[in-house]
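Structure first, then comments.
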Amino acid sequence: MAVAIITGASKGLGRALATALAERGWDLVLDARTGSALEDAARGARKYGTRVVAVAGDVTDAAHRAELVAAARGLGGLDLLVNNASALGAEPLVRLEELPLDGLRAALETNVVAALGLVREALPLLRAAGGSDGNGGAVVSVSSDAAVEAYGTWGGYGASKAALDQLSAVLAAEEPGLRVWSVDPGDMRTDLYAAAVPDDDAWRPEPAAAVPAFLRLLDERPRRASGRYVASALVETEGDR
Ligand SMILES: NC(=O)c1ccc[n+]([C@@H]2O[C@H](COP(=O)([O-])OP(=O)(O)OC[C@H]3O[C@@H](n4cnc5c(N)ncnc54)[C@H](OP(=O)(O)O)[C@@H]3O)[C@@H](O)[C@H]2O)c1
């Protein structure tokens, strides 16, 4: 059975992805810092009968990243790594003139450095995925439109997501046997968004609404090139198959 590591899987998009993959029979290694919420998410995913290992910890901790990959190895290997856990750098978000440099460092550490750390730790398993057919594993970097649009107050977070996108693009060039997709899920009603902009109570879709786009990438793996995708565009073109 296919195995995935999903970071930031206790709530929001990570949890929605974990549930959807478990429903499709994937074995999972799930991460988040808050153990109780993570265990709750893992219990939900186990209802589908697959193996789900919850490893609580911080993705910025190298020992924790090694634990995540070791857990995948214990499940038989690794077919998919989803770097989803994310930091804003300031809560609520502030203009660049006020952005604490330590906040920017924290966003880069979680969104970029930890993501690369996990990729490096996981590469041997990802390269070995798919056996002799040369179809290695996949890496999904959860991006944001803030990586490509200049929205006021989103500068530090957006810069970290832009760096994550570029890191993913270069990884794709260096690892042609893998698929490396950066995916902008679009706005979602989550704790992260509420922390970013507490006064913005406009309607936003639940994270589950973004999941079909991720599943489509996985389903169409052989012909879906590595690169950057916007979730809504992926599902809008559903009829073009
Ligand atoms: N919400 C939006 O509108 C939106 C739009 C575009 C892109 N995104 C992206 O979508 C992804 C998911 O965000 P979300 O909105 O679903 O957020 P969320 O609901 O707040 O969930 C974030 C998850 O990441 C975990 N996490 C945070 N920092 C971590 C760390 N250092 N180590 C391990 N786990 C950590 C959180 O659990 P703990 O706090 O317990 O660790 C939680 O499980 C992020 O990459 C975000 O940038 C979101």
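The values are calculated or read from the model by the stated rules, or taken from the named source; none is laboratory data. This is a predicted model, so every value here is computed, not measured. Note that each Cβ is placed from the backbone with ideal geometry, even for glycine, and that neighbours are counted across all protein chains shown. Just the protein is used for accessible areas: all its heavy atoms, side chains included, with ligands, DNA and RNA removed. Shrake-Rupley method; radii C 1.70, N 1.55, O 1.52, S 1.80 Å.
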note = The alpha-carbon pair-distance distribution computed for the chain, with 5 angstrom bins and whole-percent values, is 1, 7, 14, 19, 21, 18, 11, 5, 2, 0, 0
Cleavage-rule hits, trypsin sites (Lys or Arg not before Pro), the range 20-67, DSSP coil, Cβ neighbours within 10 Å at most 14 = ARG24, LYS47
query = What is the gain in length, in nm to one decimal, between ALA225 and ASN135 on full extension, counting 0.36 nm per residue of separation less the C-alpha to C-alpha distance?
reply = 31.1 nm
query = Sequence-distant or interchain residues sharing an amide H contact under 5 Å with ALA54, placed H: which?
reply = LEU30
query = Let a ≥ b ≥ c be the square roots of the eigenvalues of the Cα gyration tensor of the range 33-134; is it rounded (a/c under 1.5), or, if not, prolate (a/b larger than b/c) or oblate?
reply = oblate
key: Helical mean residue ellipticity (222 nm; -39500 (n - 2.57) per DSSP H run of 4+; nearest 500) of the chain   = -13000 deg cm²/dmol
key: Helix 114-128 axis, angle to the chain major axis (alpha carbon atoms, nearest 10°)   = 20 degrees
task = Could you pull out the GluC sites (Glu not before Pro) across the range 160-241 that fall in loop regions by DSSP (anything but H, G, I, E, B) with no more than 14 other Cβ atoms inside 10 Å?
result = GLU220
ask   = Anyone know which of ASN83, ASN135, ASN111 comes out most mobile in the 10 Å Cα GNM of the chain?
value = ASN135
inquiry  = Taking 35 Å as R0, compute the FRET efficiency from the Cβ-Cβ separation of GLU174 and ARG33 and round it to 0.05.
reply    = 0.70
ask   = So what is the accessible area of the chain per residue, in Å², with the probe set to 1.4 Å?
value = 46 Å²
ask   = Counting other Cβ atoms within 10 Å, which chymotrypsin sites (Phe, Trp or Tyr not before Pro) in the range 186-241 have at most 14 and lie in a DSSP loop?
value = TRP203
ask   = So how much slack lies between GLU23 and GLU91, counting 0.36 nm per residue of separation and subtracting their Cα-Cα distance, in nm?
value = 21.1 nm
ask   = Of the accessible area of the chain, with the probe set at 1.4 angstrom, what percent is carbon plus sulfur?
value = 53 percent
request  = Using only alpha carbon pairs under 8 Å that are at least six residues apart, calculate the relative contact order of the chain and give it in whole percent.
outcome  = 17 percent
request  = Tell me which residues come under 5 Å, amide H to amide H, from LEU75 once H is placed; ignore anything under 5 positions away on its chain.
outcome  = none
note = Longest principal axis of the chain (C-alpha) makes with the long axis of helix 12-23 (C-alpha) an angle, in degrees to the nearest 10, of 20 degrees
